[in-house]
1. Just to confirm the filter: which trypsin sites (Lys or Arg not before Pro) across region 559-641 are DSSP coil and have at most 14 other Cβ within 10 angstrom of their Cβ?
2. Which whole-number percentage describes the relative contact order of the chain, with Cα contacts under 8 Å and a sequence gap of 6 or more?
3. Please label the shape of region 1-96 as rounded, prolate or oblate, based on the square roots a ≥ b ≥ c of the eigenvalues of the alpha-carbon gyration tensor (a/c under 1.5 means rounded; beyond that, a/b larger than b/c means prolate, else oblate).
4. Is the C-alpha gyration tensor of region 204-309 telling us rounded, prolate or oblate? Criteria: a/c under 1.5 is rounded; beyond that, a/b larger than b/c is prolate, otherwise oblate.
5. Assigning unit charges at the beta carbon (Lys, Arg +1; Asp, Glu -1) and nothing else, what dipole magnitude in debye, to the nearest 20, does the chain show about its Cα centre?
6. Over 24 Å between C-alpha atoms is what I'm after, so list which of LYS340/LYS391; LYS284/LYS391; LYS33/LYS340 land there.
7. Using θ = phi - 60° and the Karplus relation 6.51 cos²θ - 1.76 cosθ + 1.60, list the HN-Hα couplings for region 62-71 in order, rounded to whole Hz, with x at every Gly or Pro.
8. For helix 339-361, what angle does its Cα long axis make with the longest principal axis of the chain, in degrees from 0 to 90 and rounded to 10?
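Readers should treat all values here as calculations from the given coordinates under stated rules, not as data from a laboratory. Just so we're clear, the structure is a prediction, and the values are computed from it rather than from any experiment. Note that each Cβ is placed from the backbone with ideal geometry, even for glycine, and that neighbours are counted across all protein chains shown.
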Amino acid sequence: ADDDVLGQCVYGSRLLGGAPDLVLHGGGNTSVKTTTTDVLGAPVDTLYVKGSGWDLATIEAAGFAPLRLSRMRELIGATELRDTQMMNEFRCALLDSGAPNPSVESLVHAFLPHVAVQHSHADAIVTLTNLADGPERVREVFGDAVVVVPYTMPGFDLVQAVSAAWSAQAGTQTVGMVLLGHGLFTFGDTTRQAYARHIDLITRAEEYLAVHATPRRAATGPGLPDVAPVELARLRAAISAAAGAPMIVSRHADERVAAFVSRDDLAAVSGRGPATPDHIIRTKLRPMVGTDVNEYVRDYRAYFDRNAGRSADPLTMLDPAPRVVLDPALGMLTVGQRAKDADIAEDIYRHTMDIIDRGEALGGYRALPEADLFDVEYWDLEQAKLRRGGKAPALAGQVALVTGAASGIGRACAKALLAAGASVVGLDLSAEIAATFAGSEYLGIPTDVTDADAVDRALRAGVERFGGLDILVVSAGIFPESEPIARLHMGQWRRAMAVNVDAVAALLQACHPLLALAPAGGSVVLIASKNVPAPGPGAASYSASKAALTQLGRVAALEWAGDGIRVNMVHPDAVFDTALWTPELLAQRAAKYGLSVEDYKRRNLLRREVSSDVVASMTLAMCQGAFSCTTGAQVPVDGGNDRVV
């Protein structure tokens, strides 16, 4: 409805936030002013402004903080307002105590004498402002349609700078405001008008850049060649050591990246800083060019020491590990505590590459001075954005490979590892493995584990995506049809050995160099069987292959302990929620013992049903601290079996 001003603001915000060249990962903000009615029936001039932590691309009405407009405008007149005071005043001005914290730029929205306001960090605008002659370029493109505001850190100082610039420059022709080094504001009587003006100004900037800023280097060549997975894992280990925790490292080697990292001035242009200061919490001050992590750490410490005195309060240095790595051979590596964080760094830096290229074509890309960037990196309000993410999950930054992950125990193990924060590579013969789980922390690859070349390709893809390997869970296996030894089908025997033992030996061999580089130590869990300590008649192929698997694991535990790799085994029994057990087979086996199906499922000492999730819980435990001093262990998960006990 035309009178649903907040609904229109939500819609316009999503349009703005859905364009990556305008808004990236939580950036930008929007607002609308209207009149609401309080509990006494009195009208209240209200400012709805985007709440901190909400993403414009997906924001809902609940993501807007309703503020008492009169109080916000009173605050603009204060002589001084520290950040903590300002945010407290914002909370006190809320008309809904349950609303999110208002944007730190809420005072700018309150100041602007327009109903609707939209703000983005559009690439085209940032390209113009990140030049030595940025103010002149902005005037050349927009004339007097915009107010130009010198860079000022968001907060109370920014609204003062906006107020001064507005008084000096604004007129009837003003439809926008360019904040140098920061982005674009547009406004109007409606969100529709504010959005249309936003797109119009950005289109003008894009058309100007198309004529004046053709990059000298087109991304038309091939991508970069493969590199050895162990090389990536070794670099990840060094980056993780600098960060003080395991990190995800994703490689990007496409033709766009290849063109950028081939620049002969790569270190110079990438070293000038981020395109906008709010990117610094995701990318740090500059990328690491090359692979010398120690040198990067020394430079970061020096940067911190140079600037720490700018704060009135004592500062604790953030971890000095890079978040973006640029290398002519490796391409671009992006780093994060989880894959989604590495993906955000990638998105940001891909846009930064374009801004740098176009800026250089316009006479020279230039970021803000180091001191201004430091203030944002160590600004408590920016750090609060990261803290709101909560404590990292137990296995954040660790990479797990799970075979047989499309169903049964393997699927349950992959699910448990994902829930604990690990990034998971799932392998399975089934094509369904590609979509077994969703999200940035999962990579499913259809793979025949008996095909060594296919396994090597899958390992390479996993390392390119996540950087290395910390955890290996071997769940893929087959249970041949039951038959006595006297009538043993040797083809089935060989198939059982090929899948249950030979393929695992080859996989262990391929994974060992990667596991040896695991930042927190490697962990292997082999899903064996109760049939190892207590075999049954008619299961020679299965029992012997699982016994061989167990012996293989014991030898690996002996050989790999010196590399910090733990190898443990789980012996499940009677796990009926797998594809192996059909309702018909269950009924048949229960009848053989004269039991109901439910009683048959609980045919163990504890009278408990053993599920795939229970086996996965034990597997997960073996990958964490409780088993940090345990290797070579064989743990039954069978509800208790008198032949095993």
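1. The qualifying sites are ARG607, ARG608.
2. Relative contact order of the chain: 10 percent.
3. Here region 1-96 falls in the oblate category.
4. oblate
5. That gives a dipole near 1700 debye.
6. Result: LYS33/LYS340 exceed 24 Å.
7. 5, x, 9, 8, x, 10, 6, 4, 4, 5
8. Between the helix axis and the principal axis of the chain, the angle is about 40 degrees.
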